[in-house]
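First comes the structure, then the notes that go with it.
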Amino acid sequence: MSRKAPRPAPEAAALPPGGVDTHAHLDGDRYADPLHVLERARACGVSAVGNVFLGPAAYAADHQRFRVPGVFFLLGIHPHEAGQVDRESLTAMEAAFREDGRLRAMGEIGLDYHYDFHPRSVQQDALRRQLDLALRLDIPVVIHSREAEEDALAILDAMGFAHRPVLWHCFGLGADWAAEVINRDWILSIPGTVTFPKNHALRAAVAGLPADSFVLETDCPYLAPEPYRGQRNEPALLVFTAREVARLRGEDPALVWQRCGTTARSFFGIEEETSAEGGK
């Protein structure tokens with residue numbers, strides 16, 4: 001019986017510094033040593049990682065642990081927890097955004113009709129309330145939309161978010177939906193699922209995207225790219241997503257890597273190196 005070839009190490013991709021993982025879930029008990037995970041990412045050219053805190057309690061519990069160079073924060077209440085969006089939680093989120101310069105966007109927020117853990121009217125109300133806070137704070141938003149694209153677009157349009165800073169997290173649809181996002185001057189975040197050979201619509205869409213219209217993400221610990229599909233994801237594996245995106249587009253991987261990093265830094269308003277203090 002022949003043995004499977006070992007998976008290539010992400011370091012072997014030899015991508016330069018400057019990459020940005022725009023969406024990671026490193027907090028909580030997902031990783032025994034998240035700081036080591038960040039060190040491994042840096043060794044693979046990932047210069048910045050956006051850690052997503054799913055709600056004010058998660059942020060309060062763990063944000064101090066991640067006040068290290070190269071990490072910026074996102075904060076929002078996921079549609080799976082839409083019932084938690086109340087006056088108290090919104091007040092806590094507003095205070096956090098006003099006090100912590102590492103918090104660069106509200107997210108991930110949105111609608112999830114795949115699981116429907118909460119009634120759709122509750123999800124929609126939770127989204128509107130968080131979008132209203134984002135408008136008052138004048139900050140970018142990161143949208144989670146699963147099988148809810150029409151309603152998510154309708155809410156964003158009605159609240160005046162066209163041509164405001166919006167990132168469509170974990171984009172997995174085809175070219176027509178990509179155009180809906182890009183025509184509003186929003187950007188797409190491309191996950192590791194683009195490396196799956198049968199993901200035809202996404203792969204075709206990515207091949208034709210405008211160069212400055214997308215960024216890269218892991219959504220770790222979920223959605224590890226090939227050749228690590230089915231394993232626990234981490235920011236270091238972003239290099240495989242970048243390489244496949246480059247191959248689909250006929251571009252140099254280092255070019256895609258650094259261009260996506262530049263787009264991400266512009267969207268989140270972060271410097272090349274995030275300071276350890278993280279103050280405004």
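The values are calculated or read from the model by the stated rules, or taken from the named source; none is laboratory data. Just so you know, these numbers come straight off a predicted model, no measurement behind them. Positions of Cβ are backbone-derived with ideal geometry, glycine not excepted, and every protein chain shown enters the neighbour counts. Side chains included, ligands, DNA and RNA excluded: accessible areas come from the protein's heavy atoms. Shrake-Rupley method; radii C 1.70, N 1.55, O 1.52, S 1.80 Å.
Observations on the structure shown:
- Test result for Val239, more than 18 Å from Glu11 (Cβ to Cβ), β-branched (Val, Ile, Thr) and either at pLDDT 95 or above or open to solvent by 30 Å² or more (accessible area, probe 1.4 Å) (or both): no
- Verdict on Ala57 being farther than 17 Å from Phe268 by Cβ, touching a residue at least 40 places away in the same chain (Cβ under 8 Å) and in a helix (DSSP H, G or I): no
- The set of residues in segment 10-21 being in contact with a strand residue (DSSP E or B) (Cβ under 6 Å, 6 or more places away or on another chain) and either open to solvent by 10 Å² or more (accessible area, probe 1.4 Å) or assigned to a loop (DSSP other than H, G, I, E, B) (or both) consists of Pro17, Gly18.
- Any hit, segment 128-148, residues being charged (D, E, K, R) and under 23 Å from Asp219 (Cβ atoms): yes
- Any hit, segment 56-70, residues being closer than 20 Å to Ser189 by Cβ, in contact with a Lys or Arg (Cβ under 7 Å, 6 or more places away or on another chain) and not acidic (Asp, Glu): yes
- Check on Ala24, more than 20 Å from Pro69 (Cβ to Cβ), open to solvent by less than 90 Å² (accessible area, probe 1.4 Å) and out of contact with any Asp or Glu (no Cβ under 7 Å at 6 or more places or on another chain): no
- Test: residue in segment 120-127 that is open to solvent by less than 10 Å² (accessible area, probe 1.4 Å), outside any loop (DSSP other than H, G, I, E, B) and touching a residue at least 60 places away in the same chain (Cβ under 8 Å): no
- Scoring Ala82 on the criteria (1) surrounded by fewer than 18 Cβ atoms within 10 Å (Cβ to Cβ); (2) at pLDDT 95 or above leaves a single failure, condition (1).
- Filter result for Ala246 (in contact with a Lys or Arg (Cβ under 6 Å, 6 or more places away or on another chain) and free of Cβ contacts under 8 Å to residues at least 60 places away in the same chain): no
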